[in-house]
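J.: Starting off with a structure, shown below.
The values are calculated or read from the model by the stated rules, or taken from the named source; none is laboratory data. Fair warning: this is a prediction, and the values are worked out from it, not measured in the lab. Cβ coordinates were reconstructed from backbone atoms using ideal geometry, including for glycine residues, and neighbour counts include every protein chain displayed. Note: accessible area is taken over every heavy atom of the protein model, side chains too, but ligands, DNA and RNA are not part of it. Shrake-Rupley method; radii C 1.70, N 1.55, O 1.52, S 1.80 Å.
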Amino acid sequence: MSTTELAPRLSAHIFRQELFERGLLFATGVDGLYGRSATFESLVDAVDRLIGRLSAADDAEIMRFPPIMTRSGFEASGYFKNMPQLIGTVHCFCGDDREHKRVLACTPEEGGWTAAQQPSDVVLTPASCYPVYPIVAARGRLPEEGWLVDSSSYCFRREPSVDPARMQMFRQREQVCFGTPERIRAFQSHWMARALEMFRLMGLEATTDLANDPFFGRPGVLMANGQRSQRLKFEILVPVSDPDRLSACGSFNYHVHHFADAYGIRGTDGEAAHTGCAGFGLERVALALLRQHGFDLEAWPEAVHATLWPQA
Amino acid sequence: MLHETVRNVLTGIGDLAGTADTLANDADLFDAGLSSYGTVEVMVGLENALGIEFPETALTRDTFSSIDAIVRVLERLQSGAAAAGGGAIDANGWPVAAEGVR
C-alpha cells in the first residue's frame, strides 16, 4: 500500500469553522466546548469500538465512569500539585432558604449567585484512569499476574482554545495496567506498537515520540525533565489541526510506583505495585480522520471504512 | 559548607526520612528513595535555604542525583553569579544583589 497523501494544511481556526459549517460540531460560544452531531458521534463510536476489538483478547476488566470522580481520590493523586491549571472542581449551594435569598440579592461584585457556592465531595475527572486506582486499591493485594482495566470517561481539562483538537471536555478510552515493572514496560511498548498499527489501518500517518505532561511552574520543569529522562511517557502523534506541529492522539505512560504509593496499591508480595496506562483521546482521533480523509465520510477510502465499520 | 546545607535540606524530605544523615556524598538519591515530588521539595528547600533560584537548565534529574552532584551545580551557580556580579558576597558565599539605581 502506498503511503498516505496528507490532506491540505488548515489552520486550527479554519478547521474548526469548517466543522461548524458542516454541522459536525455545534458551537456553544465557549472555546473547547462543543456539541457533537450524529455523524461525529458515529465516528467517535467507531474509534472506540476499534480500540475494543484490538484489545478484546487482553481480557481487561471493563470500568466506565461518569465525568466526575471523588474529591478524596482526586486529592490522593497529587494532580493539584502537578497541574493545578487544568482542573475543574464541582461547587454546590449548601445553604438554607435565607442564604438562598441572600445570594440571589448579591451583586456581581459580591460574587452574584456563586457567592455561597462551596466545594463539594466530587471533582471533574482529569483522566479516565484516575477513578480506577482507588477501586483497585480497595480490593487488597493484586493477584500474582497483576491486573488490567479498560476504562472510559469524559474528561475535563481547563485549556480553552480555538483548536478543535483541544477540547475542555472529551472522551478517553484508557487501559490501566497493574503489576511488576517488567509487566508495565511490556504493556507500554505493546500498546505503542498496537497504536501505530491501529492508526495505519485508519489511513493515518502516525509517529510515536517521547513526551511529558504539562506540569505547572518551575517545579514543573524539573518534573517534566525527570519524566523524559526516565522515558516514562510516549505519545502517538498525527496531523490534526495545527499546521506547524503534530497533535497527540494517545499516550503510553509508566507511573513507576507513584499511584501505588498514593492509593496504597500492593502487589502479592505486599510491596508497592507499579502501574501504567495507555489511553486515546477519542475526539482527537475522530478529528484526525476528518482532517486526513475529508468531511464527507462516504468518500473515505474503502480500507478505512472496513477498519472502522467492519461488516459482521 | 554546601555539603552540610544540602544534607540539612535532605534531612527534611519525607522520602529520605531516617536515611539522609548517613548517606554517602556520592550515594544515588533516587536509589535511596527520592521521588519526583521529593526532588521538587529538595529544589524548593535549597532555594529557600540559600536565597537562590536554580536556572531552568539546571532543573534536571542529574542535578539532584547525589549530594555531590547538587553541590557541583551550586558551586557552578555560585561562581557564575560571582563572575557576573563581581560584587559583595554574603555569609553563605552568595553574591549580594546590588540595589538598582534609576
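J.: Counting partner chain Cβ atoms within 10 Å of every residue's Cβ in B:50-60, what's the average?
T.: Average per residue, whole number: 3.
J.: For the ranges A:114-125, A:216-227, A:53-64, what's the packing order if you count other beta-carbon atoms within 10 Å of each residue, average per peptide, and put the highest first?
T.: Details: A:114-125: 16.2, A:216-227: 19.7, A:53-64: 12.7.
The densest-packed peptide leads the list: A:216-227, A:114-125, A:53-64.
J.: I would also like to ask the following. Distance in nm between label sites at A:A38 and A:Q117, each 7 Å beyond Cα in the beta-carbon direction?
T.: 3.5
J.: Further, regarding this structure: What number, rounded to the nearest 500 deg cm²/dmol, is the helix-based mean residue ellipticity at 222 nm of chain A, given -39500 (n - 2.57) per DSSP H run of at least four residues and division by all its residues? Please report the intermediate quantities before stating the final value.
T.: On the way: 11 runs with 112 residues, N = 312.
Mean residue ellipticity at 222 nm (helix-derived): -10500 deg cm²/dmol.
J.: Oh, and also: For chain A, how big is the tail of P(r) above 34 Å, as a whole percent of Cα pairs? Spell out each step's value before the answer.
T.: Values: 13328 of 48516 pairs.
Everything past 34 Å amounts to 27 percent.
J.: If you count, for each residue, the other Cβ atoms within 10 Å and average over each peptide, how do A:104-113, A:88-97, A:177-186 line up from highest to lowest?
T.: Values: A:104-113: 10.6, A:88-97: 12.3, A:177-186: 18.6.
In descending order of packing, they fall as A:177-186, A:88-97, A:104-113.
J.: Could you state the per residue volume, in Å³, of the convex hull enclosing the Cα atoms of the range A:234-285? Each step should come with its number before you reach the end.
T.: Working: hull volume 4.6 nm³, N = 52.
Given the Cα convex hull of the range A:234-285, per-residue volume reads 89 Å³.
J.: Still on this structure, please answer the following. In whole angstrom, how far apart do the alpha carbon centroids of the range B:1-65 and the range A:239-312 sit?
T.: Value for the Cα centre distance between the two parts: 36 Å.
J.: While we're looking at this one, here's another question. So which residues in the range A:66-86 end up with at least 20 square angstrom less accessible surface once the other protein chains are there, compared with the chain by itself, probe 1.4 angstrom?
T.: At a threshold of 20 Å² (probe 1.4 Å), the residues of the range A:66-86 that become less exposed are A:K81.
J.: Need one number: buried accessible surface between chains A and B, 1.4 Å probe, both sides summed, DNA, RNA and ligands left out, in Å² to 100.
T.: Details: alone 15580 and 6190 Å², together 20560 Å².
Chains A and B together bury approximately 1200 Å².
J.: Hey, can you list the DSSP H helices of chain A whose Cα span along the axis is 15 Å or longer and whose average Kyte-Doolittle score is at least 0.0? Walk me through the numbers on the way to the answer.
T.: On the way: long enough: A:38-54 (24 Å, 0.55); A:181-201 (30 Å, -0.39); A:217-229 (18 Å, -0.61); A:282-293 (16 Å, 0.32).
Answer set is A:38-54, A:282-293.
J.: Sticking with this one: Over the range B:2-85, what is the mean sequence separation of C-alpha contacts under 8 Å (at least six apart), divided by residue count, expressed as relative contact order in percent? Working shown, then result.
T.: On the way: 67 pairs, mean separation 30.2, N = 84.
Reported as a whole number, the value is 36 percent.
J.: If you don't mind, another one. Evaluate the charge dipole of the protein assembly as shown about its Cα centre and quote only its size in Debye, nearest 20, assuming +1 on the Cβ of each Lys and Arg and -1 on the Cβ of each Asp and Glu.
T.: Working: 36 positive and 53 negative charges, 121 e Å.
For the protein assembly as shown, the charge dipole is close to 580 debye.
J.: Right, here's the next one. List the relative contact order of chain A as a percent without decimals, with contacts defined as Cα pairs under 8 Å and 6+ residues apart.
T.: Details: 559 pairs, mean separation 67.2, N = 312.
Here the relative contact order equals 22 percent.
J.: For the pair A:L196/A:T268, report the inter-label distance in nm, with labels modelled 7 Å from Cα in the Cβ direction.
T.: According to this spin-label approximation, the distance is 3.3 nm.
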